[in-house]
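Student: Quick one: the structure is below, questions incoming.
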Amino acid sequence: MNNPSVTVGIPAYNEEDHIERIINEFIENSYSNVIEILVADGQSTDRTREIVEEISKKDNRVKLIENPDQFQSYGLNRMIAKAKGEIFVRADAHCDYARDYIEKCVENLNRPNIKNAGGAARFLASNLVQAGTAISVLSVMGNGGAKHYNPDYEGYSDTVPMGCFWTSDLRALQGFKESNYTNEDAEINYRIRENLKGKIYISPDIKLWYYPRKRFHQLFMQYFRYGRGRVLTSNAHNGKIPFRSKAPFIFVGLMTILLLVDQFLLNGLLGSIYILSAVMFLLLLEVFRISFKEKNYFKDEVWKNESREAPKPVFVAISAFFVLVIMNTSHFMGYGYQIIKTKFFKAKGW
């Protein structure tokens with residue numbers, strides 16, 4: 001199938017600053033057979049709905065889908081149910097997409113036994129928090145070895161950001177798991193591999209760019225929710241999730257236990273304060289290494305604020321240090337919270 005029809009699905013909530021740009025990127029893309037662009041609105045309180053409806057008057061391929069349940073997994077499933085395209089391209093309002101994004105997705109989806117094709121997440125930054133995030137994910141301490149954070153990687157993976165699926169496959173899997181308010185992408189990719197015996201493919205030719213959270217507290221809440229989502233996926237699949245999804249909980253948990261036992265029961269005999277200080281020092285060395293190693297890449301590819309000069313590597317490194325601490329700590333807290341909620345309060349979902 002060289003030119004299958006495509007439905008683009010965009011879940012959205014309060015995206016008035018981005019939604020017009022994202023829709024136009026798909027309207028103006030190079031692929032010739034995009035038959036509809038669906039936006040599942042989670043009851044936005046800003047102008048998102050109005051903007052989508054205005055665009056739909058000019059291009060009837062653009063359609064607004066109601067998502068009263070608000071969360072992405074529900075919106076994605078409502079769009080999958082209505083999709084007329086043979087291929088479903090799952091998009092996000094916080095990303096930018098290359099003009100040939102769909103073309104390259106379809107090209108790679110046509111490879112033998114590929115059930116989802118996509119590109120690695122390339123990060124953009126317009127402030128120091130985003131800059132720290134963009135640099136932190138280039139380190140194994142920030143990406144856990146995940147292939148979908150390496151923009152140069154090509155080959156098979158366990159998951160991929162966004163993605164491009166055969167609509168019939170999504171329907172055969174009964175869509176995204178609605179109990180997963182986060183981590184729904186990784187969860188459905190697990191079922192693609194296990195239930196459909198399909199493969200996930202990443203190509204560096206498929207280019208998308210992601211805007212991370214602009215504030216530390218927003219990043220904290222994001223990774224707290226990520227931690228919760230990993231537990232739900234693990235519970236649904238008998239613990240069969242990548243080790244990197246458990247690593248922050250295991251590492252931060254062990255460090256916390258060591259610190260508490262050493263300080264309150266052993267009077268510091270194990271030197272836990274020195275061990276923790278050494279870990280923090282190693283983390284600081286790593287972010288400085290990455291920041292200076294990737295300073296040209298950061299300046300040329302990551303920094304996108306024309307009104308401000310790109311921050312110096314030393315400031316990016318300091319921001320990345322705080323980002324990594326927040327990411328791992330909040331992921332640990334979210335993971336632990338969901339374990340307690342599941343094991344002790346018998347919660348079956350979010």
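Student: What does the convex hull of the alpha-carbon atoms of segment 289-333 project to on average, in nm²?
Tutor: Computing the convex hull of the Cα atoms and averaging its projections yields 3.7 nm².
Student: Cα atoms only: what Rg and Dmax, in Å, come out for segment 45-102?
Tutor: For segment 45-102, the Cα-based Rg and Dmax read 12.5, 32 Å.
Student: So, one more: How many angstrom lie between the C-alpha centres of segment 84-128 and segment 159-179?
Tutor: 14 Å
Student: Something else about it: When only alpha-carbon atoms are used, what values of Rg and Dmax, in angstrom, describe the chain?
Tutor: According to the Cα coordinates of the chain, Rg and Dmax are 21.0, 72 Å.
Student: What dipole magnitude, in Debye to the nearest 20, does segment 279-338 give about its Cα centre under +1 on Lys/Arg Cβ and -1 on Asp/Glu Cβ?
Tutor: 100 debye
Student: Leaving out ligands and nucleic acids, note down the accessible area per residue over segment 117-164 with a 1.4 angstrom probe, in whole Å².
Tutor: Roughly 29 Å² per residue, with all protein chains present.
Student: Just how much of MET141 is accessible, in Å², when a 1.4 Å probe is used and the result is rounded to the nearest 10?
Tutor: Surface open to solvent at MET141 totals about 80 Å².
Student: If you don't mind, another one. For the chain, with a Gaussian network of springs between Cα atoms less than 10 Å apart, report the residue from PRO112, PRO11, PRO151 with the top mean-square fluctuation.
Tutor: PRO112
Student: Separate question: May I ask you to derive the FRET efficiency for LEU258 and ASN143 from their Cβ-Cβ distance with R0 = 30 Å, giving the value to the nearest 0.05?
Tutor: 0.75
Student: Give me the percent relative contact order of segment 1-42, please, defined on Cα pairs under 8 angstrom at least 6 residues apart.
Tutor: It rounds to 65 percent for segment 1-42.
Student: Tell me the net charge near ALA117. Cut-off is 15 Å between Cβ atoms, ALA117 excluded, with +1 for each Lys or Arg and -1 for each Asp or Glu.
Tutor: Around ALA117, the surrounding residues sum to -1.
Student: In the chain, what percent of the accessible surface is made up of carbon and sulfur (1.4 Å probe, ligands and nucleic acids excluded)?
Tutor: So the carbon and sulfur contribution to the accessible surface is 55 percent.
Student: Oh, and also: Assuming R0 = 30 Å, can you tell me the calculated FRET efficiency for the pair ASP46 and GLU306, based on Cβ-Cβ distance, to the nearest 0.05?
Tutor: Efficiency, from the Cβ-Cβ distance: 0.75.
Student: Test of the criteria: in segment 251-350, which trypsin sites (Lys or Arg not before Pro) are in a DSSP loop and have at most 11 other Cβ atoms within 10 angstrom of their Cβ?
Tutor: ARG308, LYS346, LYS348
Student: Once the cut-off is 22 Å, how many percent of the Cα-Cα pairs in segment 72-190 end up in the long-distance tail?
Tutor: 38 percent
Student: Sticking with this one: Kindly provide the helix-only [θ] at 222 nm of the chain, computed as the sum of -39,500 (n - 2.57) over DSSP H runs of four or more divided by all residues, to the nearest 500 deg cm²/dmol?
Tutor: My calculation for the chain gives -15500 deg cm²/dmol from helical runs alone.
Student: Then there's this: Could you calculate, for segment 163-308, the ratio of the Cα radius of gyration to the Kirkwood radius, expressed as Rg to Rh?
Tutor: For segment 163-308, the value is 1.06.
Student: Stretch ALA247-ALA81 to full length: gain in nm at 0.36 nm per residue minus the Cα-Cα span?
Tutor: 56.2 nm
Student: Against the globular-protein guess of 2.2 N^0.38 Å, express the Cα radius of gyration of segment 1-156 as a ratio, rounded to two decimals.
Tutor: 1.09
Student: Taking the chain as a Gaussian network, Cα atoms linked when under 10 Å apart, which of GLN263, GLN130, GLN174 shows the biggest mean-square fluctuation?
Tutor: Largest GNM mean-square fluctuation: GLN263.
Student: Further question on the same structure: On a C-alpha basis, how far is the centre of segment 200-230 from the centre of segment 316-342 in Å? Whole number, if you could?
Tutor: Segment 200-230 and segment 316-342 have Cα centres spaced 13 Å from each other.
Student: Quote the charge dipole size of the chain about the Cα centre in Debye, to the nearest 20; the model charges only the Cβ of Lys and Arg (+1) and of Asp and Glu (-1).
Tutor: So the dipole magnitude of the chain works out to roughly 1100 debye.
Student: Let me ask you something else. Could you calculate the FRET efficiency of HIS237 with GLU20 from 1/(1 + (r/R0)^6), where r is the beta carbon distance between them and R0 is 45 Å, rounded to 0.05?
Tutor: For R0 = 45 Å, the calculated efficiency reads 0.75.
Student: Which of LYS63/LYS115; LYS115/LYS214; LYS104/LYS299; LYS147/LYS197; LYS82/LYS348 have a Cα-Cα distance over 23 Å?
Tutor: Too far apart for the 23 Å limit: LYS63/LYS115; LYS115/LYS214; LYS104/LYS299; LYS82/LYS348.
Student: Which log10 I(q)/I(0) values, to two decimals, does segment 132-214 give at q = 0.14, 0.19, 0.24, 0.26 Å⁻¹ under the Debye formula with one point per Cα?
Tutor: The computed values of log10 I(q)/I(0) come out as -0.55, -0.96, -1.29, -1.37.
Student: Here's a follow-up. Loop-only trypsin sites (Lys or Arg not before Pro) in segment 170-213, please: DSSP not H, G, I, E or B, and at most 16 other Cβ atoms within 10 Å.
Tutor: LYS197
Student: How much length would be gained if the chain were fully extended between ASP158 and ARG171, taking 0.36 nm per residue of separation minus their Cα-Cα distance, in nm to one decimal?
Tutor: Here the segment from ASP158 to ARG171 would lengthen by 2.7 nm.
Student: Oh, and also: Count the net charge of all other residues whose Cβ sits under 9 Å from the Cβ of GLN338, scoring Lys and Arg as +1 and Asp and Glu as -1.
Tutor: +3
Student: Could I ask something else about it? Would you mind computing, in nm to one decimal, how far apart the modelled labels at LEU269 and ALA347 are, each placed 7 Å from Cα along Cα→Cβ?
Tutor: 3.9 nm
The values are calculated or read from the model by the stated rules, or taken from the named source; none is laboratory data. Keep in mind that what you see is a predicted model, and the values were worked out from it rather than measured. All Cβ positions, glycine included, derive from the backbone under ideal geometry; neighbour counts span all protein chains shown. Areas reflect the complete protein model, heavy atoms only, side chains present, ligands, DNA and RNA absent. Shrake-Rupley method; radii C 1.70, N 1.55, O 1.52, S 1.80 Å.
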